[in-house]
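The values are calculated or read from the model by the stated rules, or taken from the named source; none is laboratory data. Since this is a predicted model, take the numbers as computed values, not measurements. With ideal geometry, Cβ positions are generated from the backbone for all residues, glycine too; neighbour counts draw on all protein chains shown. These accessible areas exclude ligands, DNA and RNA; they are computed on the full protein's heavy atoms, side chains included. Shrake-Rupley method; radii C 1.70, N 1.55, O 1.52, S 1.80 Å.
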Amino acid sequence: MRGSSPPLPKKVDACQLFLFGLAAAILAVSTIAPAFASAKILAGKVILLDPGHAVLSESGAMINPGARARRGVWERDVALKVASKIVPLVEEQGAKVFLTRTTDNPWRYSPRKSADNRARAILANTLRADAYVRIHCDWNRSRKFKGFTTYYYRWGSRDLAKALRDALVKAVPDHRDNGLHRRSFVSVTARMPSVLVELGVLSFKPEAKDLAKDEFQNRLAQGLAKGIVDYLKED
């Protein structure tokens with residue numbers, strides 16, 4: 001997450017996760033006000049980007065590493081690179097963008113995957129984010145399955161999901177669009193529009209190669225940024 005944050009305790013329970021998220025959010029929100037003076041179209045908007053996976057245990061071991069292309073790139077690395085590329089594209093429109101983890105600050109720290117998911121949604125709530133976008137890559141037993149997929153759960157999230165999907169269709173027209181799908185795993189805790197995007201399929205070899213490329217990651221970031229801007233400027 002951007003900005004400084006308090007040190008993590010050695011042991012973390014759900015309450016501590018909430019308190020850490022609250023403390024981090026208070027520190028972060030204190031930096032928002034100057035950006036809001038901008039006359040740009042997203043001035044006053046707050047976005048939380050959530051690059052998937054890379055959850056750490058109390059011992060520092062990774063307990064939720066995510067998928068990996070066969071002898072290739074990791075999902076967690078693609079997600080973080082794309083999310084990091086989105087930040088300046090949206091912030092130049094006046095919004096404030098936060099990440100749930102960065103290269104320097106993994107933030108995610110939990111003995112269980114479910115507690116980690118809740119903590120990130122709580123952080124989105126504490127920040128009063130206008131949009132919460134979770135970024136992942138897919139994996140499938142079928143080596144023929146490919147393309148990007150957009151998920152949402154609450155009906156209030158569908159417009160954001162549609163904006164992201166439409167922008168990705170234009171950004172990566174050479175990749176299959178698997179459509180919009182309603183699933184509870186997106187987030188039942190977050191109170192703002194929330195969407196989970198699977199950027200592509202790591203088990204499909206040609207797509208895995210694309211996902212590892214900086215140029216393709218740039219296209220994905222540009223598409224997602226446009227979707228976020230298109231949605232929020234109409235909000």
Which members of the range 169-184 meet the condition of being open to solvent by less than 70 Å² (accessible area, probe 1.4 Å) and either among the basic types (Lys, Arg) or touching a Lys or Arg at 6+ places or on another chain (Cβ under 9 Å) (or both)? 171, 172, 175, 177, 178, 179, 180
So which of 116, 77 ends up being without any contact (Cβ under 8 Å) to a residue 24 or more places away in the chain, under 16 Å from the mean Cα position of the chain (by Cα), outside any loop (DSSP other than H, G, I, E, B) and under 26 Å from residue 189 (Cα atoms)? 77
Would the range 123-144 turn up any residue that is more than 19 Å from residue 228 (Cβ to Cβ), of a type in the set (Ser, Thr, Tyr) and open to solvent by less than 60 Å² (accessible area, probe 1.4 Å)? yes
Using beta carbons and a limit of 8 Å, which pairs, at least six apart or on different chains, have the first residue in the range 205-218 and over 12 Å from residue 171 (Cβ atoms) and the second one open to solvent by 10 Å² or more (accessible area, probe 1.4 Å) and assigned to a helix (DSSP H, G or I)? 214/81
List pairs: first in the range 50-72 and of a type in the set (S, T, N, Q) and assigned to a loop (DSSP other than H, G, I, E, B), second open to solvent by 40 Å² or more (accessible area, probe 1.4 Å) and modelled with pLDDT under 90, Cβ under 9 Å, 6+ apart or cross-chain? 57/63; 57/111
Within the range 80-113, of all residues that are of a type in the set (Lys, Arg) and in a helix (DSSP H, G or I), the one surrounded by the fewest Cβ atoms within 10 Å (Cβ to Cβ) is 113
Which one of these is modelled with pLDDT of 95 or more, of a type in the set (A, V, I, L, M), surrounded by fewer than 15 Cβ atoms within 10 Å (Cβ to Cβ) and not in a helix (DSSP H, G or I): 39, 43? 43
Restricting attention to the range 117-132, and to residues there that are modelled with pLDDT of 95 or more and out of contact with any helix residue (DSSP H, G or I) (no Cβ under 7 Å at 6 or more places or on another chain), which single residue is nearest to residue 74 (Cα to Cα)? 124
Would you mind telling me which numbered condition in (1) within 11 Å of residue 157 (Cα to Cα); (2) open to solvent by less than 10 Å² (accessible area, probe 1.4 Å); (3) small (Gly, Ala, Ser) residue 187 fails? (2)
Step by step: first the residues of the range 190-235, then only those that are within 22 Å of residue 130 (Cβ to Cβ) and among the charged types (D, E, K, R), then the one that is surrounded by the most Cβ atoms within 10 Å (Cβ to Cβ). Which residue is that? 226
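Scan the range 46-57 residue by residue and report those that are at negative phi, at pLDDT below 95 and buried (at least 16 other Cβ atoms within 10 Å of the Cβ). Explain how you work it out, then say what you get.
Residues of the range 46-57 at negative phi: 46-52, 55-57.
With the extra rule that they be at pLDDT below 95, the set shrinks to 52, 55-57.
If the condition is that a residue be at negative phi, at pLDDT below 95 and buried (at least 16 other Cβ atoms within 10 Å of the Cβ), then 52, 55, 56 are the ones that fit.
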